[in-house]
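See structure below.
The values are calculated or read from the model by the stated rules, or taken from the named source; none is laboratory data. All values reported here derive from a predicted model rather than from experimental measurement. Note that each Cβ is placed from the backbone with ideal geometry, even for glycine, and that neighbours are counted across all protein chains shown.
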Amino acid sequence: MDDRLMYRREFFIAGAWTAPEGSGRLGVVSPSTEEIVGEVPAATTADIDRAVGAARAAFDEGPWPRMAPTERAAVLSRAAAVLRGRAADIAGVTVDEMGCAISQAPRAQTGLVAALFEYYAGLIRSFEFEREVVAGESTALVTNEPVGVVAAIVPWNAPVTLASWKAAPALAAGCTVVIKPPPEAPLSTFILAEALHEAGLPPGAVNVVPGGREAGERLVTHPGTDKIAFTGSTAAGKRIMSLCGDRVKRVSLELGGKSAAIVLDDADAAGIMPRLVGGAMHLSGQVCGAHTRVLVPRARYAEAVEAAAAAANAVPVGDPHDPSTLVGPLVAERQRERVEGYIALAVEAGARVAAGGGRPAHLPRGWYVEPTILAGVDNSMRVAREEIFGPVLCLIPYDGEDEAVGIANDSPYGLAGGVWTGDPARGLRVARRVRTGTMSVNGSHAPFPLVPFGGFKESGLGRELGPEGLRAFLEPRSIGIPASLRASATIS
């Protein structure tokens with residue numbers, strides 16, 4: 001990639017490229033070569049303070065919150081057009097910074113970015129930001145006000161996509177935003193900042209400051225931020241929620257998952273395994289909504305394991321720059337060690353490695369793990385209860401539909417899931433019984449970004465995407481008004 005995209009010397013603050021306060025740097029290491037391929041400044045608390053100050057001034061004094069929704073929509077539409085033109089840059093950078101296979105980039109890294117800005121531009125053109133309520137002699141004006149300065153903290157697996165999930169609706173609502181990209185993959189989010197600036201976003205409306213845990217904690221606890229929008233691990237989400245609770249600060253959390261795919265007894269268990277394996281291996285398994293527990297009728301279990309193992313062994317693993325690769329490396333050495341540790345725990349607990357389980361012999365460099373199928377898994381095992389975040393799929397047998405639903409719901413998480421069946425109506429009935437935020441029947445995924453995404457239980461709090469994603473950045477307000485102002489143009 002172009003060195004200009006891979007080596008950044010400044011932050012984006014107040015509509016300009018701004019030198020850092022400190023001298024610290026974050027080296028970006030390629031997961032496929034284990035070599036440094038880029039660098040960004042590391043935000044200090046002083047840099048976070050400057051970014052929040054810029055966003056605060058832009059919200060309190062700037063034009064963005066005071067623009068008509070149609071004016072904001074015009075800027076967001078221009079941003080969508082610019083982002084479509086930058087899709088190749090975003091994809092290329094993520095291949096180098098976090099190891100995303102280039103074949104997966106259109107789905108994971110760029111596919112929803114421009115579409116999301118276009119969607120929210122269209123939504124706010126017709127959204128009812130104000131309504132009049134009359135009850136007898138009483139009249140009120142109900143308004144939806146932007147929540148204020150939003151801190152968007154995003155993970156490394158899809159940094160621009162998940163930053164856009166937060167920034168697009170927040171900006172549409174009239175908020176201003178500070179984005180903290182992850183230290184592992186901080187580079188691609190600067191392209192988002194460039195696109196928004198080119199589209200005409202006012203200075204301070206969006207700011208980008210990559211940093212580590214200390215910078216993130218300062219952003220969460222900063223008195224100048226009004227809402228935290230976070231995607232990441234459940235452990236980090238609990239810490240953020242605790243800090244926000246102390247301050248009664250608005251927060252939305254999109255956290256981990258251990259989602260179940262229920263294969264019913266009337267489904268072609270062996271025939272659907274390649275799709276289930278392919279889905280679980282997307283982004284090398286580093287997807288919170290991946291269906292990583294496959295529940296199969298006991299009578300069909302052996303054939304399902306055999307088919308899943310064959311599918312996993314056929315998945316192309318290799319250089320993420322190669323268009324034929326489907327599974328690239330994991331993001332970091334520590335992540336590979338985590339995944340390998342879970343595979344070892346599964347074997348110790350009595351599970352069997354039906355495919356994979358090690359490092360690809362033909363890839364001596366890079367943080368790779370073979371696509372892995374674990375058989376003989378019981379839902380009480382740690383590999384069935386904890387998020388592994390790697391290319392590992394657990395197959396769990398069950399007896400009867402009720403037990404399958406019980407196993408699917410027996411999880412601290414509730415983010416996603418699916419049902420596979422020869423009878424779609426039956427599949428919908430079963431899907432309704434699973435306590436999770438997103439379900440699919442026979443792989444028919446919901447039309448994002450038009451519908452909400454988020455989880456039950458420890459998978460998070462609140463929803464992103466859809467109209468619900470816009471409402472998450474709005475504060476309703478009621479104003480009692482004299483009857484003489486009813487339906488009057490003076491209200492606005």
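Residue 336: modelled with pLDDT of 95 or more, surrounded by fewer than 23 Cβ atoms within 10 Å (Cβ to Cβ), in a helix (DSSP H, G or I) and within 22 Å of the chain's Cα centre (by Cα), yes or no? Break it down into steps so the answer makes sense when it comes.
On the way: modelled with pLDDT of 95 or more: yes; surrounded by fewer than 23 Cβ atoms within 10 Å (Cβ to Cβ): yes; in a helix (DSSP H, G or I): yes; within 22 Å of the chain's Cα centre (by Cα): yes.
Here the answer is yes, as residue 336 does meet what is asked.
Quick one: would you say residue 189 is polar (S, T, N, Q), at negative phi and part of a strand (DSSP E or B)?
Working: polar (S, T, N, Q): yes; at negative phi: yes; part of a strand (DSSP E or B): no.
So residue 189 fails the test.
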Got a sec? Which of 70, 45, 94 is in contact with a Cys (Cβ under 6 Å, 6 or more places away or on another chain), hydroxyl-bearing (Ser, Thr, Tyr) and in the same structural domain as residue 147 (by TED's automatic domain parsing)? 94
Every pair of residues 6+ apart whose Cβ atoms lie under 9 Å, when the first sits in the range 206-221 and is assigned by TED's automatic domain parsing to the domain that holds residue 196 and acidic (Asp, Glu) while the second is at pLDDT 95 or above and in a loop (DSSP other than H, G, I, E, B): 214/43; 214/44
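Results for (1) surrounded by fewer than 20 Cβ atoms within 10 Å (Cβ to Cβ); (2) touching an Asp or Glu at 6+ places or on another chain (Cβ under 9 Å); (3) closer than 11 Å to residue 342 by Cβ, shown as yes or no for each residue.
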position: 363; (1), (2), (3): yes, yes, no
position: 366; (1), (2), (3): no, yes, no
position: 370; (1), (2), (3): no, no, no
position: 378; (1), (2), (3): yes, no, no
position: 381; (1), (2), (3): no, no, yes
position: 395; (1), (2), (3): no, no, no
position: 398; (1), (2), (3): no, no, no
Which one of these is assigned to a loop (DSSP other than H, G, I, E, B), surrounded by fewer than 24 Cβ atoms within 10 Å (Cβ to Cβ) and at pLDDT 95 or above: 145, 184? 184
Among (1) modelled with pLDDT of 95 or more; (2) under 24 Å from residue 72 (Cα atoms), residue 423 falls short only on (2)
Take the conditions among the small types (Gly, Ala, Ser), closer than 28 Å to residue 111 by Cα, out of contact with any Ser or Thr (no Cβ under 7 Å at 6 or more places or on another chain) and assigned by TED's automatic domain parsing to the domain that holds residue 275 and apply them to residue 431. Does it pass? yes
If we keep just the residues of the range 107-131 that are in contact (Cβ under 8 Å) with a residue 12 or more places away in the chain and either of a type in the set (S, T, N, Q) or in contact with a strand residue (DSSP E or B) (Cβ under 6 Å, 6 or more places away or on another chain) (or both), which is surrounded by the most Cβ atoms within 10 Å (Cβ to Cβ)? 109
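In the range 438-476, what residues are assigned to a loop (DSSP other than H, G, I, E, B) and surrounded by fewer than 21 Cβ atoms within 10 Å (Cβ to Cβ)? Give the derivation first.
First, the residues of the range 438-476 that are assigned to a loop (DSSP other than H, G, I, E, B): 438-439, 442-443, 445-452, 454-455, 458-459, 462-463, 465, 472-473.
442, 443, 445, 446, 447, 448, 450, 451, 452, 462, 463, listed by residue number.
To keep it simple, each residue is scored yes or no on (1) surrounded by fewer than 17 Cβ atoms within 10 Å (Cβ to Cβ); (2) farther than 17 Å from residue 454 by Cα; (3) under 19 Å from the mean Cα position of the chain (by Cα); (4) not polar (S, T, N, Q).
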| residue | (1), (2), (3), (4) |
| --- | --- |
| 218 | no, yes, no, yes |
| 223 | yes, yes, no, yes |
| 234 | no, no, yes, no |
| 245 | yes, yes, no, yes |
| 251 | no, no, yes, yes |
| 255 | no, no, yes, yes |
| 260 | no, no, yes, yes |
Lone qualifier among 435, 426 - being part of a loop (DSSP other than H, G, I, E, B) and over 30 Å from residue 171 (Cβ atoms): 435
In the range 238-270, residues that are over 20 Å from residue 300 (Cβ atoms) and assigned to a helix (DSSP H, G or I) total 10
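Which ones in the range 397-444 are of a type in the set (S, T, N, Q) and within 11 Å of residue 267 (Cβ to Cβ)?
Filtering the range 397-444 for residues of a type in the set (S, T, N, Q) gives 409, 411, 421, 436, 438, 440, 442, 444.
Passing the criteria: 421, 442.
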Among the listed residues 140, 81, 101, 151, identify the single one that is outside any helix (DSSP H, G or I) and surrounded by fewer than 18 Cβ atoms within 10 Å (Cβ to Cβ). 140
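Considering 405, 383, which residue is of a type outside the set (Asp, Glu) and either within 17 Å of residue 434 (Cβ to Cβ) or free of Cβ contacts under 8 Å to residues at least 40 places away in the same chain (or both)? I'd like the intermediate steps shown before the answer.
Numbers: 383 fails: either within 17 Å of residue 434 (Cβ to Cβ) or free of Cβ contacts under 8 Å to residues at least 40 places away in the same chain (or both).
Selected residue: 405, the only one of 405, 383 that is of a type outside the set (Asp, Glu) and either within 17 Å of residue 434 (Cβ to Cβ) or free of Cβ contacts under 8 Å to residues at least 40 places away in the same chain (or both).
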